[in-house]
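Comments concern the structure below.
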Amino acid sequence: MGPRRPRGRRRDLRGRAAGTLTGAGPADTRLRVAVVGAGALGQLVGALLAHDGRAAPTIVSRRPEAVEAIRYRGIEVRRLATGDPPLHARPAVVAAADAPSAAFDVVLLLNKSYDTGWAIGLARTLAAADGVVVALQNGLSSAERVERADPRGVAGVIYQGAEYVGPGVVDHTVAGALVAAPPPARAARAAALLGRLDSPALPVRVVADRDAMLWEKAVGAVSNAVSGALFLPVRAITRSASAWEVLERARAEVLAVAAARGVRVDLEVLRSRFAGRPVARDNPGSTYQSLRSGRGTEIGDFIGEIEACGAERGVPTPVLATLRLLVRAREELSASVPAHPVTSEDAPDGSNRPNA
Ligand SMILES: NC(=O)c1ccc[n+]([C@@H]2O[C@H](COP(=O)([O-])OP(=O)(O)OC[C@H]3O[C@@H](n4cnc5c(N)ncnc54)[C@H](OP(=O)(O)O)[C@@H]3O)[C@@H](O)[C@H]2O)c1
């Protein structure tokens, strides 16, 4: 038998005693919120909730460097959206492997859509029996998957914008609401829980029409695909009439697919949203950020799903398909391995390969 661990060791490793891993003390009646993922939005939302103080947020991350940085330094939010001085907040943080079971009233999924399967599995463990698990990723399928996988699953979208600077540092680029559309059987419980998160910094709305919520978000988020294809921040789209036209055509295709599916998108709401804030000044866009950092984009899930819905209903989506291919090409060209098998016809210097 090896030497006994000092009693305080486990506590040190986790940064706090097991009973307080939720960020809420024993007599604390605040809502216990798990924020899955310490990326751009995870750090932002965790920090906004901690700063507001009405809920007790815990960020759950797979990366030890993120856990350590947030635990010891907290999170700095550089408030580009409002021009206010940086905000410092100290949400609780825990490694995914150490996260407590059945301990959270609300679980917010803020990972990328390609990690949704993993995140849903984790969320099933994290959420209390009468809690809710809200999928907030861009794209249509995360919502469906969370609803199907767990009776506590709720479809949601988020209109905040953030750029990942590093572990414990995030730029807040767009202020906006968290919107959730729980299924009727869960609506009252979800509204009661999520209503307690509502604050000026993070407005929360609960709506009835889930499909309208998801498709309205998709119309807005398609700017990510244009910025990814251009390999420029979203804000650059406003500086080019041609890029703007591509965006308008892409949005028109999303709206046509939504209409063919019978989704009642509120065009007036969309018009006023885009007129007031066509594309936020400081918003780099999710796809551009992923390309720049060499991490995978969600383009196949996000745009690919809309294309698939269009194909089902006979609605052509050539602009969306081209944007998806351009973003994929950018991913392939920046990868270290060739995107197609190397053949004997390849020039020795690689100059005739598509990614040369
Ligand atoms: N950013 C925005 O402005 C914005 C706006 C609206 C919607 N969304 C949507 O919200 C979801 C999350 O987006 P996001 O922008 O927050 O994504 P992100 O910064 O790429 O973070 C996504 C996940 O990747 C991991 N991660 C982050 N940085 C990493 C790094 N340097 N190395 C390795 N792993 C890292 C984190 O999980 P671990 O901590 O577990 O490693 C994190 O949860 C997406 O579906 C996105 O489309 C984003």
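Some points to look at:
- Some residue of the range 48-59 being part of a helix (DSSP H, G or I) and within 9 Å of the ligand (Cβ to nearest atom): no
- Residue count, the range 190-204 (criterion: touching a Pro at 6+ places or on another chain (Cβ under 9 Å) and either at pLDDT below 95 or outside any helix (DSSP H, G or I) (or both)): 0
- Single residue of V265, V315, V222 found to be at pLDDT 90 or above and not in a helix (DSSP H, G or I): V315
- Selection of the range 154-189 for residues being surrounded by fewer than 19 Cβ atoms within 10 Å (Cβ to Cβ) and free of Cβ contacts under 8 Å to residues at least 60 places away in the same chain yields G176, A177, P183, P184, A185, R186, A187, A188, R189.
- Members of the range 114-153 found to be surrounded by 21 or more Cβ atoms within 10 Å (Cβ to Cβ) and among the small types (G, A, S), listed by number: A119, A123, A127, G131, A135, G139, S142, A143, G153
- Remark: pairs (first residue in the range 106-125, in the same structural domain as V60 (by TED's automatic domain parsing); second residue among the hydroxyl-bearing types (S, T, Y) and within 9 Å of the ligand (Cβ to nearest atom); Cβ separation under 6 Å; 6+ apart in sequence or on different chains) = S113/S142; T116/S142.
- Hey, S113 under 20 Å from the mean Cα position of the chain (by Cα), modelled with pLDDT of 95 or more and polar (S, T, N, Q) or not: no
- Residues satisfying the stated conditions in the range 176-189, i.e. in contact with a Phe, Trp or Tyr (Cβ under 8 Å, 6 or more places away or on another chain) and not in a strand (DSSP E or B): G176, A177
- Qualifying residue in the range 274-281 (condition: modelled with pLDDT under 95, surrounded by fewer than 16 Cβ atoms within 10 Å (Cβ to Cβ) and touching a helix residue (DSSP H, G or I) at 6+ places or on another chain (Cβ under 9 Å)): yes
- Here L232 passes the criteria (1) modelled with pLDDT of 95 or more; (2) not charged (D, E, K, R); (3) not in a helix (DSSP H, G or I) except the one numbered (1).
- Any hit, the range 80-95, residues being in a helix (DSSP H, G or I) and at pLDDT 95 or above: no
- You will find that of T287, T297, the residue that is within 23 Å of V170 (Cα to Cα), out of contact with any Cys (no Cβ under 7 Å at 6 or more places or on another chain) and in a loop (DSSP other than H, G, I, E, B) is T297 and no other.
- Subset of the range 135-161 (residues that are more than 12 Å from the ligand (Cβ to nearest atom) and either within 18 Å of P203 (Cα to Cα) or in contact with a strand residue (DSSP E or B) (Cβ under 6 Å, 6 or more places away or on another chain) (or both)): V146, E147, D150, R152, G153, V154, A155
- Any hit, the range 198-213, residues being away from the ligand (no atom under 16 Å from the Cβ), within 27 Å of A69 (Cβ to Cβ) and in contact with a helix residue (DSSP H, G or I) (Cβ under 7 Å, 6 or more places away or on another chain): yes
The values are calculated or read from the model by the stated rules, or taken from the named source; none is laboratory data. Everything numeric here is computed off the predicted structure, so don't read it as measured data. Here the Cβ is made from the backbone with ideal geometry for all residues, glycine too, and neighbour counts use every protein chain on show.
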